[in-house]
1. Need one number: nm distance between label points at residue B:217 and residue A:353, each 7 Å from Cα along Cα→Cβ, rounded to one decimal.
2. With an 8 Å Cα cut-off and a minimum separation of 6 or more residues, compute the relative contact order for segment B:151-291 in percent.
3. I'd like the Kirkwood hydrodynamic radius of segment B:190-268, using the inverse of the mean 1/r over distinct C-alpha pairs, in Å.
4. Is the shape of segment A:237-412 best called rounded, prolate or oblate, per the rule: a/c under 1.5 gives rounded, else a/b larger than b/c gives prolate, else oblate, with a ≥ b ≥ c the square roots of the Cα gyration tensor eigenvalues?
5. Give me the angle, in degrees from 0 to 90, between the Cα long axis of helix B:47-56 and the longest principal axis of the Cα atoms of chain B, rounded to the nearest 10.
6. Starting from a Cα-only point model with no solvent, please compute log10 I(q)/I(0) by Debye for chain A at q = 0.07 1/Å.
7. Pull out the extension gain between residue A:340 and residue A:85, defined as 0.36 nm times the separation in residues minus the alpha carbon to alpha carbon distance; nm, one decimal.
8. Suppose R0 equals 56 Å; then what is the FRET efficiency for residue B:158 and residue A:201 from their Cβ-Cβ distance, rounded to the nearest 0.05?
């Protein structure tokens, strides 16, 4: 591939990853921090700190003020578009442009390393975030997953919305946000990823020089904490009504995390490959499920494994809840024959997907930031799939304990199950 | 075949397009047909076989879809395959050609896939009506003018599905097969693929057929659903054709008004008043329509509507700053430049230029946008006329 990758850790410990994609017109730069919806409990030294839920996300909104101006306007004046996102484990700010990168890049580095908020700006933001909350709240796909997390986890903060609770959003204070910022936004906690068609060396020089303005401040790092999570799920079944045309069902299998990064990545890839074989048209039974109208296009499976958690979720919009549960029960019991030819094809497809990912600036930057924050090399991780054999995958799947399953059903209003 | 030669993308992208009349009676049938076209083929006669073949050809992507262009719809087959020089597989190119040939010429259209297509389409249409934003959009467009193409939903009608017969779809397929194709390729195809694509019977692009929506008295519809906030969609007639000299000023107007986060609507409704999370304006170019969409609480509905109207008046009176105007232009220029990094956008741009007989280069287009003045923007703004509004309110 025509791609150049360079990495460097600066004097203030900012980790920089630059990727050159020759011939591309746009440039994309992203600054990420390892804080997100999971940062409810933190520990600095021996001191425990409890944040309001949604603190990282609220701060992300407020970060868009710099020197009493809206950063979006400042970027726009430089012919650049900016945005940000907060996930469970990270917050990232980014811009993209087809014009000169020098000034917008300096602006990105400046605004993420400066806090400019007042109680007035915090109050003003509440209406906007509550409206964002309402958008997710009325979306059945989102509600299904959210309620599955609530059913699966007793303490683990996946059960809490990244946006926080409506109460915590309404009560958020400038002091809470400022304290959160001071603990977590430090050059030593920051990853900068840039993807561009331009030569990399001058960009490194610019970043290095500019970051001299921002020495490391934090003496003792804040680390997010999780209370011990029992193996068992919290709610076996849960149902609710929404204004939907047909029921939704979700089944969430609570599994465990894998503390070692390499093992975790391997399990994550292996389970995804297996799901592609069993809950996909590659499974010859898939056609029967469609013919019997148990599934439609609104169905799927997703898995996630980190060092702290592991789960597989199956979902569908269907009238045939019991039949769907039977299918998923058989999948969890690993009773579907996995065709070796199908498996090899999924593996090839996965390799191709990895190659294609190199053309997508935004996702490539996010994945590189995520890998750096989690402590692995993104490009090395792409090779895991090449090394996995059919036997490896089946062995990993056989080792999963599917005994803890939570069920959530969303019914159309006025329809009793 | 139209070719855009570049090696910067990992994929080679191929578009095989037919332009058809947009028609109330056939739109749902075409939707059924495209479900069937992509389901299975004579050689890959099960979903499993087709999936394995696609995966094995390095995750080759195949899709069928419909897009509206004024009085016409484009029925597109799209293919994306990894550049053969990135892959060390001896029969890869043959696999790609085989799949293209099967998908384009040998779909397996049987009663079973017909029933499945009807089932899947009905589920999709039901789901669209569940989403308040999509429902509000659909209702607002349907209110504009029942005789205009804009009122015909490209996704088809749920109520038409049940009565559609298998024979009608077969007959539609036979008619569609006779329509010459427009073929685009972005990337450098291998000689075998090049030969295959050039063998497809092709036509030059037919002239655009369009009519602008009339500036009629506004129609309104209010619905209630058990949702968390109110969805609002307004449709304005622009009275500006895509071929008119006022089209680029209209693009700048849309950018100033609400295309992105640096716009009058975003600034004054979201940032200043905190009334919503998202608010935007967009254009339906071929129908001369401008849409404004947002979501807010029912208690703020009146204030929100008042503020939207204020922003339109600001545009009509030219009360936006020089900076706002320049930012809007830069945003547009950036959008045009970005298209060069996206294969489908490059193809679409080329198609539109041919359809509209435009010969100006990107640089000339940028120069033209830079020259647009306040007067030109006010002129197009003064022609905006509210023709419909749909509101899906949360229940008290």
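1. So the label points at residue B:217 and residue A:353 sit 5.5 nm apart.
2. On the way: 109 pairs, mean separation 29.9, N = 141.
Relative CO of segment B:151-291 lands at 21 percent.
3. Working: mean 1/r = 0.0560 Å⁻¹.
For segment B:190-268, inverting the mean 1/r across all distinct Cα pairs yields 17.8 Å.
4. Details: a/c = 1.70, a/b = 1.52, b/c = 1.12.
In terms of gyration-tensor shape, prolate.
5. Rounded to the nearest ten degrees, it is 90.
6. At q = 0.07 Å⁻¹ the computed log10 ratios are -0.38.
7. Working: separation 255, 0.36 × 255 = 91.80 nm, distance 3.93 nm.
Additional length available on full extension: 87.9 nm.
8. Numbers: r = 58 Å, r/R0 = 1.04.
With a Förster radius of 56 Å, E is 0.45.
Only the coordinates and a few stated rules stand behind these numbers; no lab work does. Because the structure is a prediction, the values reported are computed rather than measured. A quick note on method: Cβ atoms are made from the backbone with ideal geometry, for glycine too, and the neighbour counts reach across all protein chains shown.
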